[in-house]
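Below is one structure, written out as structure tokens; comments come after it.
The values are calculated or read from the model by the stated rules, or taken from the named source; none is laboratory data. In this text, all values refer to a predicted model and were calculated from it rather than measured experimentally. Backbone-built Cβ (ideal geometry, glycine too); neighbour counts: all protein chains shown.
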Ligand code: CP
């Protein structure tokens with residue numbers, strides 16, 4: 001994969017990627033998903049997750065193993081972080097032992113960027129989600145999933161619906177879909193879950209799910225981020241589902257064959273009807289399948 005020589009670099013967010021990086025990463029993800037041989041890397045990577053994860057942590061591990069890398073999963077509650085060690089000192093300690101890559105999920109928005117700016121150790125940082133900031137590898141795998149499904153970016157209307165304000169997936173995906181030239185980008189959700197400002201200038205803000213999904217080619221549903229809201233802001237699941245949950249009738253408003261996406265984990269009966277999540281139009285498990293290839297491409301790109 002073509003990669004400019006910029007010395008040690010990281011995957012922190014979409015803005016830190018050049019157009020060529022984005023093109024190469026998506027192209028390589030698709031090649032790998034079509035059976036191209038993977039390169040091998042004699043590097044050790046570690047997973048350090050300060051928040052729960054199934055998809056991201058496991059797929060980063062599988063991706064590394066498929067590239068012949070060694071993987072260490074750090075159990076946070078048994079680590080010296082519990083004794084007050086700073087994240088900076090933990091990273092320097094792991095680098096001193098020869099860990100070459102560190103996949104971090106952290107609840108604080110911007111923590112990875114801050115860490116990278118003050119980093120003196122030879123270790124590459126991968127942002128696996130920072131607070132309400134970014135989840136760049138999710139955006140890349142989502143874009144690769146859509147590319148594999150034949151989406152014509154310039155003609156596409158993409159609607160992202162749900163808790164946009166607290167979602168790092170929305171943060172990265174809106175930036176990436178904008179960079180990829182998506183025809184129309186829409187967001188929709190309850191007023192208190194909409195970002196202010198919306199982040200990307202040309203995003204259309206819709207105030208109903210019906211308005212968002214009308215003639216859409218892609219509908220991406222997002223979970224309400226309970227962990228980032230105070231209890232006063234937590235909606236009743238049934239009420240939420242009635243107003244903002246994606247159901248089969250909504251698909252009738254969208255373009256025929258409209259793709260349904262969700263980064264997971266899904267809350268069936270809240271932001272998405274189980275019948276829609278399991279329908280032929282759903283790409284949810286395609287996203288999961290693509291996640292391993294996207295993260296392999298990311299590891300290759302980093303080295
Ligand atoms: N999409 C995603 O980040 O899922 P996990 O929280 O399970 O990693």
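Please work out if residue 222 is within 16 Å of the ligand (Cβ to nearest atom) and buried (at least 23 other Cβ atoms within 10 Å of the Cβ). When the stated conditions are applied, residue 222 passes them.
Only one residue in 157, 109 is surrounded by 14 or more Cβ atoms within 10 Å (Cβ to Cβ) and closer than 30 Å to residue 253 by Cβ, so which one is that? It would help to see each step written out before you state the result.
Numbers: 109 fails: closer than 30 Å to residue 253 by Cβ.
Residue meeting the stated conditions: 157.
Counting just the residues of the stretch 162-195 that are part of a helix (DSSP H, G or I) and in contact with a strand residue (DSSP E or B) (Cβ under 6 Å, 6 or more places away or on another chain), which one comes out farthest from residue 106 (Cα to Cα)?
Within the stretch 162-195, the match that is farthest from residue 106 (Cα to Cα) is 177.
Going residue by residue through the stretch 69-81, is there one that turns out to be touching a residue at least 60 places away in the same chain (Cβ under 8 Å) and crowded, with 19+ Cβ neighbours inside 10 Å? Show your work before the answer.
Taking the stretch 69-81 as the starting set, the residues that turn out to be touching a residue at least 60 places away in the same chain (Cβ under 8 Å) are 69.
Next, from what is left, pick out any that are crowded, with 19+ Cβ neighbours inside 10 Å: 69.
So far as the stretch 69-81 goes, yes, one or more of its residues are touching a residue at least 60 places away in the same chain (Cβ under 8 Å) and crowded, with 19+ Cβ neighbours inside 10 Å.
For the stretch 268-303, residues that are out of contact with any helix residue (DSSP H, G or I) (no Cβ under 7 Å at 6 or more places or on another chain) and modelled with pLDDT of 95 or more total 7. Of 64, 95, all but one fail to be within 16 Å of the ligand (Cβ to nearest atom), assigned by TED's automatic domain parsing to the domain that holds residue 296 and at pLDDT 95 or above; the exception is 64.
Is there a residue in the stretch 173-190 that is within 15 Å of the ligand (Cβ to nearest atom), in the same structural domain as residue 218 (by TED's automatic domain parsing) and free of Cβ contacts under 8 Å to residues at least 60 places away in the same chain? Yes, that holds for at least one residue.
Summed over the stretch 1-31, the residues that are modelled with pLDDT of 95 or more and more than 19 Å from the chain's Cα centre (by Cα) give a count of 2.
Only one of the numbered conditions (1) surrounded by 16 or more Cβ atoms within 10 Å (Cβ to Cβ); (2) within 16 Å of the ligand (Cβ to nearest atom) is not met by residue 213, and that is (2). Determine if the stretch 35-55 includes at least one residue that is in contact with a helix residue (DSSP H, G or I) (Cβ under 7 Å, 6 or more places away or on another chain), within 16 Å of the ligand (Cβ to nearest atom) and within 21 Å of residue 176 (Cα to Cα). Yes - at least one qualifying residue is present in the stretch 35-55. The single condition from (1) over 20 Å from the mean Cα position of the chain (by Cα); (2) surrounded by 16 or more Cβ atoms within 10 Å (Cβ to Cβ); (3) free of Cβ contacts under 8 Å to residues at least 60 places away in the same chain that residue 244 fails is (3). Residue count for the stretch 117-161 satisfying the condition of being under 21 Å from residue 27 (Cβ atoms) and assigned to a helix (DSSP H, G or I): 16.
Among residues of the stretch 124-137 that are near the ligand (Cβ under 9 Å from one of its atoms), those with a Cβ under 8 angstrom from a residue that is part of a loop (DSSP other than H, G, I, E, B), sequence gap 6+ or separate chain, pair up as 128/53; 128/135; 129/51; 129/53; 129/135; 135/263. Entry remark, the stretch 265-280: residues being in contact (Cβ under 8 Å) with a residue 24 or more places away in the chain and more than 20 Å from the chain's Cα centre (by Cα) number 6 in total.
Determine if the stretch 174-188 includes at least one residue that is at pLDDT below 95, surrounded by 14 or more Cβ atoms within 10 Å (Cβ to Cβ) and either more than 15 Å from residue 254 (Cα to Cα) or out of contact with any helix residue (DSSP H, G or I) (no Cβ under 6 Å at 6 or more places or on another chain) (or both). No, the stretch 174-188 contains no residue that is at pLDDT below 95, surrounded by 14 or more Cβ atoms within 10 Å (Cβ to Cβ) and either more than 15 Å from residue 254 (Cα to Cα) or out of contact with any helix residue (DSSP H, G or I) (no Cβ under 6 Å at 6 or more places or on another chain) (or both). Within the stretch 102-113, identify whether any single residue is touching a helix residue (DSSP H, G or I) at 6+ places or on another chain (Cβ under 9 Å), assigned to a loop (DSSP other than H, G, I, E, B) and away from the ligand (no atom under 13 Å from the Cβ), and answer yes or no. The answer is yes, given that some residue of the stretch 102-113 is touching a helix residue (DSSP H, G or I) at 6+ places or on another chain (Cβ under 9 Å), assigned to a loop (DSSP other than H, G, I, E, B) and away from the ligand (no atom under 13 Å from the Cβ).
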